[in-house]
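Rule-based calculations on the coordinates, nothing more; no lab input. Since we're looking at a predicted model, the values are computed, not measured. Quick reminder, even Gly has a Cβ in these numbers, built from the backbone with ideal geometry, and neighbours come from all protein chains shown.
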Amino acid sequence: MDYILKEREKQVAFAGINAATIECNKESLAGSVSQRACVFCGSRVVLYPIADALHLIHGPIGCAAYTWDIRGSLSSGPELHRLSFSTDLQERDVIFGGIDKLNAAMEELIDLHHPKAAFIYTTCIVGVIGDDVESACKQMAIRKGIPVIPVQAPGFQGSKKDGYKVACEALFQLVGTINKPTPKYSINILGDFNLAGELWILLEYYKKMGIHVNATITGDGRVEDICNAHNAALNVVQCSGSMNYLAQMMKKEYGIPSMRVSYFGIEDMSDALYDVASFFKSEEMMAKAKELVREEFTRLMPQLKWYKERLQGKKAAIYVGGAFKAISLIKALRLIGVQTVIVGSQTGTTEDYELIKKLCDEGTIIVDDSNPVELSHFVKEKQADIFIGGVKERPIAHKIGLGFCDHNHERKEALAGYEGMMNFAREIYATAMSPVWQFTK
Ligand code: SF4
C-alpha cells in the first residue's frame with residue numbers, strides 16, 4: 001500500500017480480531033488532497049436549509065458559487081435559501097476593506113426579501129483582511145429589527161467539522177428568543193436536512209405516534225421555530241457530527257436531553273422510533289410505534305427479499321461525511337445481500353470506528369479522512385461493485401467505471417425511513433446490475 005502517505009498510515013485499518021485503533025479527529029495532512037470541505041462549507045451546509053433566512057456570503061464570488069444550492073433541501077414554504085448572495089469581494093476591497101460593500105448588500109437584500117433573519121458568512125479572505133463583520137451585523141440587526149448573525153467561518157481555520165460548530169453557535173443565538181406554548185410530547189429534530197423530502201417522511205411517523213415536532217433544525221427550517229426550540233422536551237439528533245454541539249449547548253443552557261438516532265435502514269429507523277417512545281415513558285406511544293414498525297416490516301420484507309436474492313455477493317464501498325451514517329449503511333446493505341468491503345468517513349470518531357470494526361467482515365478497509373488516490377486504489381483492490389458517497393466521490397467512481405449511489409447533499413431520492421430503504425434497495429440494484437459497467441472494464 002505504497003500509495004498511503006506515511007503520516008496517514010494509522011488512519012487506515014482492517015476489520016478483524018487484531019485490528020488496530022484507527023487515528024481520527026486530526027487535521028487533514030497538507031498535500032494529501034483530503035476529500036473534506038472547508039470551514040465555510042461546513043457552516044453553509046448546516047444553515048442552508050433554513051428557508052426563510054437570508055444567506056449572504058461575504059467573500060469572493062467563488063465561495064458563493066461553490067455552495068450555491070448545495071443541498072437538495074426542500075422547503076414546504078419560502079425558498080429564499082435557494083438563492084446565493086455574495087458581496088463579490090475584489091482586489092480593491094481586499095486592500096481598502098469590504099465593510100461598505102457588506103453594509104450595502106445587507107441593506108438592499110433585507111429590504112428586498114424581508115427575511116426573518118440573516119446569516120452573514122465570512123470566508124478566507126475576510127479572515128485575512130479582518131473586516132469587523134460582527135459589529136456590522138449588530139448595527140444592521142438594530143436598524144432592520146431582525147437577527148443578523150455573523151457566521152465566522154474563514155475556510156482555512158480548520159475543516160468542515162469546525163464549520164459545523166460555527167453553524168451551531170450561530171443557531172444557538174436564535175434559540176430561546178421566542179416563547180410559544182409547546183405540547184408535552186414535543187421534540188426537535190436535529191440533523192435532518194430534508195434532502196429529497198426525507199423530513200416529511202419522518203414527520204408522518206412521529207405524527208402517527210402522537211409526537212409534536214417543535215422545530216426542525218435545519219431541514220425545512222424556519223427561524224421562528226428555531227427561536228422556540230428550547231421549549232421542546234427532547235432533542236433527537238441524527239447527523240450527530242454536525243448537530244451534537246448544538247444539542248450539548250441546549251442541554252447546558254435549557255436542560256433539554258438529547259438522543260442520537262439514525263433514520264437510515266429499517267433496523268435503525270425502528271430503533272429511533274422505539275427510543276423516542278421509551279423516552280416519553282408512554283405505553284400508548286410505544287404501542288403505536290410497534291404497530292407502525294410491524295406494518296412497515298410486513299410491507300417491506302417480501303420486496304427486500306427479492307433484491308437480496310439478486311444482489312447476493314455484490315460488494316460496496318462507502319465513503320461519507322459522518323461515520324454514523326456509514327454504520328446504518330453497512331446494516332442496510334447487509335439486509336439486501338451486499339457486503340461492505342471499504343468504509344470511511346470525513347469526520348468519524350474513535351467510538352464510531354470501533355463500532356464499524358465490529359460490524360464489518362474481517363479484512364474490510366476502514367479509513368478516516370481519505371483522498372482520491374487512496375479511495376481509487378481501495379476500490380480496485382477490493383473489487384467493489386458499487387461506490388456510495390457524495391459529490392466528490394462520484395467522479396472517482398465514474399472514472400474507474402463503477403456504479404455510484406449518491407447518499408449525500410445532492411440526492412434526489414429520499415433514502416431515509418422505510419420508504420427510503422425501498423428507494424435505496426431499488427437504486428443499488430439498478431446501479432450495481434446495470435449492463436453498462438461491462439463496457440467500462
Ligand atoms: S477555502 Fe476559503 S476561499 Fe475556498 S470556498 Fe472555503 S472560504 Fe471560500
Legend entry - Stokes-Einstein D (µm²/s) once Rh is taken as the Kirkwood radius of the stretch 107-149 over alpha-carbon pairs, at 20 °C in 1.002 mPa s: 194 µm²/s
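Using only DSSP helix segments of four residues or longer, with each worth -39500 (n - 2.57), what per-residue ellipticity at 222 nm results for the chain after dividing by its residue count and rounding to 500?
Taking each H run of at least 4 residues, the total per residue is -14000 deg cm²/dmol.
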Inset, instruction - Give the long-range amide H neighbours of LEU54: residues separated by 5 or more places, or on another chain, with amide H under 5 Å away, using H modelled in the peptide plane at 1.01 Å from N. - result: LYS116, ALA117, ALA118, PHE119
Inset, instruction - Quick one: what are the phi-derived ³J(HN,Hα) couplings along the stretch 59-72, Karplus 6.51/-1.76/1.60 with θ = phi - 60°, whole Hz, x for glycine and proline? - result: x, x, 4, x, 4, 6, 5, 4, 10, 5, 6, 5, 10, x
Inset, instruction - Run the numbers on the chain and let me know its relative contact order in percent, using alpha-carbon pairs under 8 Å that are six or more apart. - result: 18 percent
Legend entry - Residue-count net charge about ASP275 - beta-carbon cut-off 11 Å; Lys, Arg +1, Asp, Glu -1: -1
Inset, instruction - Using only Cα atoms, locate the centre of the stretch 13-61 and the centre of the stretch 200-233, then give the distance between them in Å, rounded to an integer. - result: 26 Å
Inset, instruction - Express as a percent, rounded to the nearest 5, the fraction of DSSP beta bridges in the stretch 49-202 (both residues included) that run antiparallel. - result: 5 percent
Inset, instruction - Let me have the relative contact order for the stretch 291-431, percent, based on Cα pairs under 8 Å that are six or more residues apart. - result: 23 percent
Inset, instruction - Quick one: which residues, 5 or more positions from GLY176 or on another chain, have an amide H under 5 Å from its amide H? H modelled 1.01 Å from N in the peptide plane, none for Pro or chain starts. - result: ASN228, ALA229, HIS230
Legend entry - Formal net charge of residues neighbouring CYS227 (Cβ-Cβ distance under 11 Å; K, R +1; D, E -1): +1
Inset, instruction - Classify the chain as rounded, prolate or oblate from the Cα gyration tensor: take a ≥ b ≥ c as the square roots of its eigenvalues, call it rounded if a/c is under 1.5, otherwise prolate when a/b beats b/c and oblate if not. - result: oblate
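Taking square-rooted eigenvalues a ≥ b ≥ c of the alpha carbon gyration tensor, is the stretch 72-145 rounded, prolate or oblate, where a/c under 1.5 means rounded and, failing that, a/b exceeding b/c means prolate?
It is prolate, given that a/c is not under 1.5 and a/b is the larger ratio.
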